[in-house]
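Visitor: I'd like to ask some things about the structure below.
The values are calculated or read from the model by the stated rules, or taken from the named source; none is laboratory data. As the structure is a prediction and not an experimental result, all values here were calculated from the model. Counting neighbours? That spans all protein chains shown, and the Cβs are built from the backbone with ideal geometry, glycine included.
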Amino acid sequence: GEPSEKPTPPKIARKKIDVVAEYEKSKSKRKENANLVVIGHVDAGKSTLMGRLLYDSGVVDERTIQKYKQEAEKIGKSSFALAWVLDQTGEERTRGVTIDIAVNAFETEKGRFTILDAPGHRDFIPNMIAGAAQADFAVLVIDSSPGEFEAGFNIRGQTKEHALLVRSMGVQRIIVAVNKLDLLHWDQDRFDEIRQQMTQFLTTAGFQSKNMSFIPCSGLTGDNIVRKPKEGLVPWYSGPTLIEELETAKPVAKAIEKALRMTITDVYRGGVTNPVTISGRIEVGNVQVGDTIIAVPGDERATVKGIEVDNEAAEWAVAGNNVQLHLAGIEMDHLKIGDVVCHTDSPLVPLREFEAKILAFESLTPMMIDIHRGRLNASGRITKLVATLDKGNGTITKKKPRHIGPGSLAMINILVTGAPLPLEKGSKIVLRADGLTVAAGVVE
Ligand code: GDP
């Protein structure tokens, strides 16, 4: 054929499964997976709390934790043992879920959870954005000790910045862990004060009150994480533990019948029988063995040879699943982290110019920017400031503003001037300029 013609990938028997119907049938049997991102000011106790969650839910065995305790005591930091749990499971994590966002999974009787997190990483914000784009919930960890909540909550603190970021990336549900209350003898007044201030702030950030919850807890002692506090310790609180709250907070329903979209988080060789494997989370739609796919902005086709959902072989997968796809008929170098997997008959057509609803972190004018979508980015320009919007109800507060101030919600026009980016309506984007995150939001 013509040199420009793409080779046809091999045909693999396709069972023509009605995936939507199969999914409905399997619902009661399969545990639904929810992704969560952990956010909060430095030293709020994110690693400790997550280590506690993994330890008390039985992911980490007793021998490992004892080894960490001894090592931590040797350096005089016994409390570090829990935080190390995250790193350990990080190393041992199976290939495939993702490479640059630390991933840990745990199960309870009622649910399956994947923690997308990178606490301790120096370059935390880009990691967090990548995590937030895939998250169903955010767990916001707050250090309740005197002065510390206030430090995280001031202009430079990360409490506000992180909460705004996850909200502008589309996360609707936030669980606030009011942490380190062991240091304050479980002071109810302090808990109420933090809850009141945070409710006010989260409301202006665009969270609905029914989607916020507050748990008084201590990651260090484990009270109200997986286990209830001893009787009498927190007499004023009879609400759920953190894990109970996670179990009841169902992820937002996914559009499993729509056109397939999955952003690649990893590409690797799966061995002799599976020369090329990609992994990621299906954002929209469904896929089955035998389907022909492309990874936009690339245009090479491939056949799905095999599927794994949560590391178990499957014939199909739907939105919300973390999957690995084994591919035939494509070379590894035609697949990039950040590419969007689509069916060949309903591919994403990258937008060049579009409107976006964004939250500004810095002052915005018509200016040069870098547009980030997951792990991909391209240069671009803000061409027009369309309007500023009310954060509560989204109505227009000012048309054609001269500039958009930090903290404002706005509609702007963006032109991609660099390489094509896989952007369409609903894509989550982050805008950066001079190494700073200046805005984040969603393509309209
Ligand atoms: P991160 O930076 O948010 O990941 O915070 P870490 O988990 O590394 O914790 C920072 C410090 O706070 C460490 O010294 C922890 O031992 C301590 N810490 C974390 N959680 C608690 C808690 O619930 N109570 C107390 N008393 N200390 C805690």
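Visitor: Identify the residue in the stretch 244-256 that is over 30 Å from residue 343 (Cα atoms) and without any contact (Cβ under 8 Å) to a residue 40 or more places away in the chain and, among all such residues, is surrounded by the fewest Cβ atoms within 10 Å (Cβ to Cβ). Steps first, answer last, please.
Guide: If we filter the stretch 244-256 for residues that are over 30 Å from residue 343 (Cα atoms), which is where we start, we get 244-249.
Now restrict to residues that are without any contact (Cβ under 8 Å) to a residue 40 or more places away in the chain: 244, 248.
On the way: 244: 16, 248: 11.
Among residues in the stretch 244-256 that are over 30 Å from residue 343 (Cα atoms) and without any contact (Cβ under 8 Å) to a residue 40 or more places away in the chain, the one surrounded by the fewest Cβ atoms within 10 Å (Cβ to Cβ) is 248.
Visitor: Then there is this: How many residues does the stretch 46-65 hold that are modelled with pLDDT of 80 or more and part of a helix (DSSP H, G or I)? Show your work before the answer.
Guide: As a first pass, look at the stretch 46-65 and keep what is modelled with pLDDT of 80 or more: 46-58.
Those still in the list that are part of a helix (DSSP H, G or I) too: 46-56.
The number of residues fulfilling the criteria is 11.
Visitor: Within the stretch 158-170, can one find any residue that is within 11 Å of the ligand (Cβ to nearest atom), under 18 Å from the mean Cα position of the chain (by Cα), modelled with pLDDT under 70 and surrounded by 18 or more Cβ atoms within 10 Å (Cβ to Cβ)?
Guide: No, the stretch 158-170 contains no residue that is within 11 Å of the ligand (Cβ to nearest atom), under 18 Å from the mean Cα position of the chain (by Cα), modelled with pLDDT under 70 and surrounded by 18 or more Cβ atoms within 10 Å (Cβ to Cβ).
Visitor: Can you tell which of 356, 387 is buried (at least 22 other Cβ atoms within 10 Å of the Cβ) and not basic (Lys, Arg)?
Guide: Working: 387 fails: buried (at least 22 other Cβ atoms within 10 Å of the Cβ).
None of the others qualify; the one that does is 356.
Visitor: Name the residues in the stretch 169-210 that are farther than 30 Å from residue 390 by Cα and in a helix (DSSP H, G or I), would you?
Guide: First pass over the stretch 169-210, keeping only residues farther than 30 Å from residue 390 by Cα: 179-190.
Correct list: 181, 182, 183, 184, 188, 189, 190.
Visitor: When the stretch 187-243 is examined, which residues are found to be within 27 Å of the chain's Cα centre (by Cα) and free of Cβ contacts under 8 Å to residues at least 12 places away in the same chain?
Guide: Those that are within 27 Å of the chain's Cα centre (by Cα) and free of Cβ contacts under 8 Å to residues at least 12 places away in the same chain: 196, 200, 209, 210.
Visitor: Follow-up question, since we're still on this one. Return the residues of the stretch 301-343 that are in a strand (DSSP E or B), touching a residue at least 12 places away in the same chain (Cβ under 8 Å), within 24 Å of the chain's Cα centre (by Cα) and farther than 19 Å from residue 421 by Cα; say none if nothing qualifies. First the steps, then the outcome.
Guide: Filtering the stretch 301-343 for residues in a strand (DSSP E or B) gives 301-309, 312-314, 316-318, 322-328, 340-343.
Right, trim to touching a residue at least 12 places away in the same chain (Cβ under 8 Å) and you get 301-309, 316-318, 322-328, 340-343.
Filter once more, so that each one left must be within 24 Å of the chain's Cα centre (by Cα): 307-309, 316-318, 322-326, 340-343.
Scanning the stretch 301-343 gives 307, 308, 309, 316, 317, 318, 322, 323, 324, 325, 326.
Visitor: Still on this model: Taking the residues in the stretch 21-56 that are crowded, with 23+ Cβ neighbours inside 10 Å and of a type in the set (D, E, K, R) as candidates, determine which candidate is nearest to the ligand (Cβ to nearest atom).
Guide: That would be 46.
Visitor: Among the listed residues 243, 225, which satisfies the condition of being in contact with a Leu (Cβ under 6 Å, 6 or more places away or on another chain) and not hydroxyl-bearing (Ser, Thr, Tyr)? Can you show your working first?
Guide: Values: 243 fails: in contact with a Leu (Cβ under 6 Å, 6 or more places away or on another chain).
Residue meeting the stated conditions: 225.
Visitor: Looking at residue 150, is it surrounded by fewer than 23 Cβ atoms within 10 Å (Cβ to Cβ) and within 16 Å of the ligand (Cβ to nearest atom)?
Guide: On the way: surrounded by fewer than 23 Cβ atoms within 10 Å (Cβ to Cβ): yes; within 16 Å of the ligand (Cβ to nearest atom): no.
In short, no.
Visitor: A follow-up question, please. Only residues that are surrounded by fewer than 18 Cβ atoms within 10 Å (Cβ to Cβ) and either of a type in the set (Ser, Thr, Tyr) or part of a strand (DSSP E or B) (or both): list them for the stretch 359-377, please.
Guide: 363, 365, 368, 370
Yes or no, residue by residue, for (1) crowded, with 19+ Cβ neighbours inside 10 Å; (2) at pLDDT below 95:
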site	(1), (2)
282	yes, yes
286	yes, no
295	yes, no
307	yes, no
312	no, yes
320	yes, yes
332	no, yes
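Visitor: For the stretch 244-279: of the residues being β-branched (Val, Ile, Thr) and within 20 Å of the chain's Cα centre (by Cα), which is nearest to residue 312 (Cα to Cα)?
Guide: Filtering the stretch 244-279 for residues β-branched (Val, Ile, Thr) gives 248, 252, 256, 263-265, 267, 272-273, 276-278.
Applying the additional criterion that residues be within 20 Å of the chain's Cα centre (by Cα) yields 248, 252, 256, 263-265, 267, 278.
Numbers: 248: 25, 252: 24, 256: 20, 263: 20, 264: 18, 265: 18, 267: 18, 278: 15 Å.
So the residue we want is 278.
Visitor: Shifting gears a bit: Please state which of the following conditions residue 73 fails to meet, knowing it meets all the rest: (1) modelled with pLDDT under 85; (2) more than 16 Å from the ligand (Cβ to nearest atom); (3) over 30 Å from residue 176 (Cβ atoms).
Guide: The failed condition is (2).
Visitor: Further question on the same structure: Please find, within the stretch 171-186, the residue that is nearest to the chain's Cα centre (by Cα) out of those that are of a type outside the set (A, V, I, L, M) and within 10 Å of the ligand (Cβ to nearest atom). Write out each step before concluding.
Guide: Going residue by residue through the stretch 171-186, those that are of a type outside the set (A, V, I, L, M) are 172-173, 179-180, 182, 185-186.
From what's left, within 10 Å of the ligand (Cβ to nearest atom): 179-180, 182.
On the way: 179: 22, 180: 25, 182: 29 Å.
Per the criteria, the residue is 179.
Visitor: Okay, next question. When only residues in the stretch 211-250 that are hydrophobic (A, V, I, L, M, F, W, C) and assigned to a strand (DSSP E or B) count, which is farthest from the ligand (Cβ to nearest atom)? If you could, list the steps in order and put the result at the bottom.
Guide: Taking the stretch 211-250 as the starting set, the residues that turn out to be hydrophobic (A, V, I, L, M, F, W, C) are 212, 214-215, 217, 220, 225-226, 233-234, 236, 242-243, 246, 249.
Still in the list and also assigned to a strand (DSSP E or B): 212, 214-215.
Details: 212: 20, 214: 15, 215: 12 Å.
Applying the filter and picking the extreme gives 212.
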